Amino acid sequence: MAQTVCIIDDDQGVRESTGMLLSICGYEVEDYESIPQFLRVHPSDDGAIILLDQHMPQQTGLEFLESDEGRSFSARVVLMTGQGNSKLRERALRDGVAG
């Protein structure tokens, strides 16, 4: 059984292109346009890898990871951002994002 990767990003183009690439590489891919949409399907940790966009309208990726809901997930998380800096990186690593 292939590893599942959940892409959480408000940009449909990013979800589609990243999902296509991961599918070609043999991963099962699920995509979500928001954290609430993801949580409706995955209310608890099921071992999926999470590709999480940092900059989303309702809640940032790090805000989710620092919330009670986010802390309950032990899944491997990769934070995606087009606006990274060293402060954001340090905060993300502290919150358990894959380095």
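The values are calculated or read from the model by the stated rules, or taken from the named source; none is laboratory data. Note that the structure is a prediction, hence the values are computed from the model and not measured. With ideal geometry, Cβ positions are generated from the backbone for all residues, glycine too; neighbour counts draw on all protein chains shown. The protein model used for the area step is the full one, side chains on, heavy atoms only, and it has no ligands, DNA or RNA in it. Shrake-Rupley method; radii C 1.70, N 1.55, O 1.52, S 1.80 Å.
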Original post:
Per residue, how much space in cubic angstrom lies within the convex hull of the C-alpha atoms of region 45-88?
Top reply: 79 Å³
Original post:
Once the Cβ-Cβ distance between Gln37 and Gln83 is put in as r, and R0 is 22 Å, what FRET efficiency do you end up with, to the nearest 0.05?
Top reply: 0.45
**OP:** Within region 46-67, find all residues whose amide N lies under 16 Å from a label point positioned 7 Å from the Cα of Leu21 along Cα-to-beta-carbon.
**Re:** 50-54
Subject >> Accessible surface of the chain, 1.4 Å probe, proportion on carbon and sulfur as whole % >> reply: 48 percent
Original post:
Rounded to a whole number, what is D in µm²/s for the chain from Stokes-Einstein with the Kirkwood radius over alpha-carbon pairs (37 °C, 0.692 mPa s)?
Top reply: 242 µm²/s
Original post:
How far is it, in nm, from the label point at Asp10 to the one at Ser44 when both lie 7 Å from their Cα along the line to the Cβ?
Top reply: 3.1 nm
